[in-house]
Structures are given as structure tokens and as C-alpha cells.
Amino acid sequence: MKKRVFPNRITGLLAGAMMTIVATLAAAVFSVALFAQEPASASEPETHGYRNPVLPGFYPDPSVCRVGDDYYMVNSTFNYFPAVPVHHSKDLIHWEQIGHCITRPAQTRLQNIGAWNGIYAPTIRYHEGTFYMVTTNVSGGGHFFVTAKDPAGEWSDPIRIRDQGIDPDFFFDDDGKTYFLSAQGAGEIHLAEIDLKTGRLLSRSETIWRGTGGRCAEGPHMYRKDGWYYLMIAEGGTEYGHSETIARSRDLRGPFEECPSNPILSHALARGYQNPIQGTGHADLIQAHDGSWWMVCLGFRVLGGFYHVTGRETMLAPVKWNEDGWPVVNGNGAISLEMNVPTLPQVPFAEKPPRTEFDEAKLGMEWNYYCAPHFENYSLAERRGWLRLRTSAVTIDNSNSPTWLGRRQQDIDFAAATKLDASGLKDGDEAGLTVFMTTDYHYDLFVRKRDGKLSLVLKYRMSRMNHTAKEIHLESDVVYLKAQGNKDVYSFQYSTDGVKYEPLGEMDAAFLSSETAGGFTGVYLALYAQGRQNGGCADFDWFEYTKTK
């Protein structure tokens, strides 16, 4: 075959055109590269993607309400005080704590109760200028609600509601009446009209739905949309079989028809059983100020395939309503750690410094006491810039209000450290740092005084086993204590100068998991002091918590 030859003029035209095309493409690629390297303008907020959990650590049973473009959320706290934290957000993703609903021991009884007891599943609602938080203290007093004009508090004294069950909710209907929902008996959802001034029920508490057949029908929330009453509940128990189901009716009291796609959220099915998030459920729906719909729910991050230590945490998922009028959660009824979805314009809050210096007149809102505290055992004023804990004969193996002050473990990989001055301890006293799940399951690194001498002790408490892993003599009253965690172990170190730390030992994280220790809470990092009798004290200069990965 002969080689085809173009005339010079055509060849020149083609060559010129090709050069023009190449130059144009190169310019376009260069422009795209430049554009990609330019950072987003600070005035243009992120509107895509986020990471679950949006509220990490022990923050279960989330409930949310909206006022304009502000969002407020509450969570269960069980036996910890102050109780029922209140968080604020502008985007449902970034949350900042602004207060607690229960800040006075007289508001509800939290003395001498364990990790299965105390404050269950609160609901927060806003109606005609007032915020309402309704909950149940299963350890005494039952249902009650408190109110506030400002969700940061102070909140009112409680108004009791005489009815059975747990997981209460308020529903404000279009007719001006208010209704009280709760989970009762063998998985029944009850409804009654209520007087918000007195807490008195104005009608008989009636069963309106028993769920789809899953165990532990609970956590009811009612919504009004497009002429329907939607009743959403949790089923399956708050463990690995947890799920969320929904039904609707034209009448508030039913009968309710079930969503044909129930459960609308569950990781117990094939779509989610290998997900690193498990136990999803106990949800609340919210319509955002831009018209989009979202769901907050609890879930937990599984470690080693079968355990979790950070408790049940708050997750977020987008919701769409299908053509038949049913909610669809994140497209397939499952959520993930990395959520690649459109969001509201994101408004993050400034990060808090990792170190608490104890130089303020009040503790930060991240700190909790174990049960109702004896406030006389805690002081920020006696030694300026230090936290003083007075020893108590009530030990951290006992739920009757030990001298114990902690904050949640919020990250799988973390480090917590403190500087302790043990010069105020008396013979028989102990003070230090504990990685604490329950009174029966905790790992402790502490200073002990015996026969006038100080020693540093690493001890593991796992149910009936109390094991002293190491004990070494201390020459100084001042020592630095550190605990670190990852998905496998908790490890412990100490230092005499705050610079060079020496390892002491490590123990499996699984023994502090909910699956082993039980309860409805999560791991805390806490400072404590205890002794054979009252009178000694321990001073802590600072406490530092950092995420390490």
C-alpha cells in the first residue's frame, strides 16, 4: 500500500490546529491545578461530608430540637452528675456544650446508684418560647420534666408526672393540646393528654402501638407531617440488634400502619452487620432550617470485632421522604463513619485546649461526678491553680458518692495525664488517676501512703479480681501520672519530672467494655482520692486529655 501524502498547505493547517488544541488543553490543566491548590475561602463554609460520631464518647439516647437556625440536643447520663448535658449547634455536625438540665442535687435523686440506673432517655422540645426536657429517673421519682427560657440554664425545679414506663416524649398538637408518650409494659407505646402546668394526665394512658414485633419497643417520638401522625420508636434492645421503626396514622391515637421498609435504620441486617458502627437506634428526627431532614441516633464503635469502650455515641444521618411518604435514612437504612453527603453550611466551634489548668473558679462542663457529690470534698480555691480532692472512706469500688471527678473517653486512641502532689495524704490514703467503666471494672494508677511512706501502685479491678500489677517506692511527693489507650490495650506510665515517662504496665481494653462490665455508660478518665477515714487530701495541678491518632 502506498503511503498517503497530504499537500503542504493542509499539513500545515492540521499541525497548527493540533498545536492550538494542545496549548488550550495545557492551559486548562494548568488552570485546574491552580484552582485545586487554592484553599477554600474562609467565608465559604464546607457543605459536604462529615464524620460519625458527631458527639463522640458516652452520649447515648440523643434528642434534638430546632429554634430558627439553632439546634439543641440532650443525652442520657444515668448515674453521673451534673445530668443531661445540653449541646448547641448551627449545622447538626459540630456541637458545643452550653449547660446541663440537672445541676442541683435537689432536682432529682442520684445517690448510691449504679451504671444501670439513674437518668434514662431524655427528650428536648421547644414550644411557644419555652424549652422542655422530659425524662425518667428509674432510681426514684419516675417521670419528670424541667423547663427553661434559655437552654443554657438554669433549668426549673422538676414537675413530676405520675405514669409508668420510661423514655418519655412531649408532642404539641395543632389543636393546642399537649400529649405525653412513653414506653410501658411488655413493649407498648402509651399516649395521654397532659397538663404542662401541673404534670397531671388529663386522659387515660392508652396503648397506641406495640411496634413491629422486636423486643423492647421504646424511645417513642411523634411527628406531624403532611396530615399524618408519624410514630417512630426503637426496637431490639440497645445492643447489637438495635433498630429504628416507624408507623403512621391519620388519627393521633391510631390505628398505626407500619412502614413497609421497617426497620428504617438497623445495622443488624446484611447491609450493616460488618459496619464498624453497631447498635444503631433510639433516634430523633429534625427538619433543618433549609427544609432538609436529618436523624440523630445512638450507635457504638466496635473494637476487635466484639466490644466497645467509649459507650453509646451520637450519630447523624440524612433523611429523605419517598414518594409514598416514608422516611429513608441515608439511602439504605445504614450509616457510616465517613458520611459523603451534602450538609448544612458547616459552622465549627473553636477547639478547647487539651489541658485543664484548674485556675478557674468553676470546673468546665466536660467534668462529671460519680453520683450526687459531697461538694465539701472538692475545692478549686484552697490552693490557687490546683484542684484539691479530700479523701473519703467511700472508695471508687462503691457507688455511694466517692471523691471522684472525671471526663469521658471520647477517642479510641488517646492519652490522659495529670500532675499530683500527694503531700496531703495521711496513712491509709490513696489518690490518683483511674480508667473507669463501673465500680467493678476500672484500672487505677495511684499514690498510696502507708507507714509514712509513699508508693506508686498500678492496680486492675475486674469484677471480683483485684490485681496489683506493680508497686514502687516514691522519693518525692510530686508525681506525674499518664494513661494511654488504643483499640487493644490501656497502658500506664509515670514520671518524676514531667518530661521522661517510665512504663508500668498495660491491660486489655476488652475488660472495660460494655460487653464485659455491663451498664449503659462508657469509660471515663477520672481523678480520685480515698482513705480509711476522712481528713487527707490530694492536689492536682492540671489534667490533660489528647487524641493521639
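Per-residue ellipticity at 222 nm for the chain, helices alone: DSSP H runs ≥ 4 residues times -39500 (n - 2.57), over residue total, nearest 500 deg cm²/dmol?
That comes out to -2000 deg cm²/dmol.
Figure the gain on full extension for Thr130 and Arg464 (residue separation times 0.36 nm, minus the Cα-Cα span) and round it to one decimal in nm.
Computed gain between Thr130 and Arg464 is 115.4 nm.
Ordered by residue, what ³J(HN,Hα) values in Hz, to whole numbers, does the stretch 78-94 give under the Karplus form 6.51 cos²θ - 1.76 cosθ + 1.60, where θ = phi - 60° and Gly and Pro are x?
Karplus values, whole Hz, x for Gly and Pro: 6, 9, 9, 9, x, 10, 6, x, 10, 10, 10, 8, 10, 9, 6, 10, 9.
Read phi for every residue in the stretch 65-77 and hand back ³J(HN,Hα) as whole Hz from Karplus 6.51 cos²θ - 1.76 cosθ + 1.60, θ = phi - 60°, with x for Gly and Pro.
Along the stretch 65-77, the couplings run 9, 10, 10, x, 10, 10, 10, 10, 9, 10, 9, 5, 9 Hz.
Take peptides 101-110, 402-411 and line them up by average Cβ neighbours within 10 Å, highest first, as a rough protection proxy.
402-411, 101-110
About the Cα centre, and with charges only on the beta carbon of Lys, Arg (+1) and Asp, Glu (-1), how big is the dipole of the chain? Nearest 20 debye, please.
Values: 53 positive and 65 negative charges, 205 e Å.
About 980 debye.
For the pair Asp508 and Gln287, what calculated FRET efficiency results from E = 1/(1 + (r/R0)^6), where r is the Cβ-Cβ distance and R0 = 51 Å, to the nearest 0.05?
0.70
Return the loop-located trypsin sites (Lys or Arg not before Pro) in the stretch 466-507 (DSSP other than H, G, I, E, B) with at most 13 other Cβ atoms within 10 Å of their own Cβ; answer none if there are none.
Loop-located and lightly packed - Lys500.
For a quick check: sort Tyr71, Tyr370 by the number of other beta carbons within 10 angstrom, fewest at the front. Show your work: numbers first, answer last.
Working: Tyr71 23, Tyr370 28.
Arranged by neighbour count, lowest to highest, Tyr71, Tyr370 become Tyr71, Tyr370.
Which of the aspartates and glutamates could a cross-linker bridge to Lys453, judged by Cα under 13 Å and excluding same-chain residues fewer than eight apart?
Those aspartates and glutamates meeting the cut-off are Asp427, Asp429, Glu430, Glu471, Glu475, Asp477.
To make sure I understand, if each residue's beta carbon is the centre and we count other beta carbons within 10 Å, what order do Ser243, Ser205 fall in, fewest to most?
Taking fewest neighbouring Cβ atoms as first place, the list is Ser205, Ser243.
Using the Cα centre as the reference, give the magnitude of the dipole from point charges on the C-beta atoms of the stretch 355-547 (Lys, Arg: +1; Asp, Glu: -1; all else neutral), rounded to the nearest 20 debye.
The dipole of the stretch 355-547 has a size of about 260 debye.
Tally Lys/Arg at +1 and Asp/Glu at -1 over every other residue whose Cβ is under 11 Å from the Cβ of Asp91; what's the total?
That works out to -3.
Determine which lysines satisfy two conditions relative to Lys90: a Cα distance under 25 Å, and not lying fewer than 8 residues away in the same chain.
By straight Cα distance, Lys90 reaches Lys149, Lys225, Lys320, Lys352, Lys547.
Fewest to most neighbouring Cβ within 10 Å: what's the order for Asp157, Asp429, Asp174, Asp539?
Neighbour counts put them in this order, fewest first: Asp174, Asp157, Asp539, Asp429.
How many nm separate the modelled label positions at Thr548 and Asp359, each set 7 Å beyond the Cα in the direction of the Cβ?
Rounded to a tenth, the inter-label distance reads 2.7 nm.
Hey, if you put +1 on the Cβ of every Lys and Arg and -1 on every Asp and Glu Cβ in the stretch 273-380, which of Ser292, Asn322, Leu380 ends up farthest toward the positive end of that dipole?
Sorting the options by dipole projection puts first Asn322.
Bear in mind that the values in this text are calculations on the coordinates, not laboratory data. Note that this is a predicted model, so its numbers are computed, not measured. Reconstructed Cβ throughout: ideal geometry from the backbone, glycine too, with neighbour counts over all protein chains shown.
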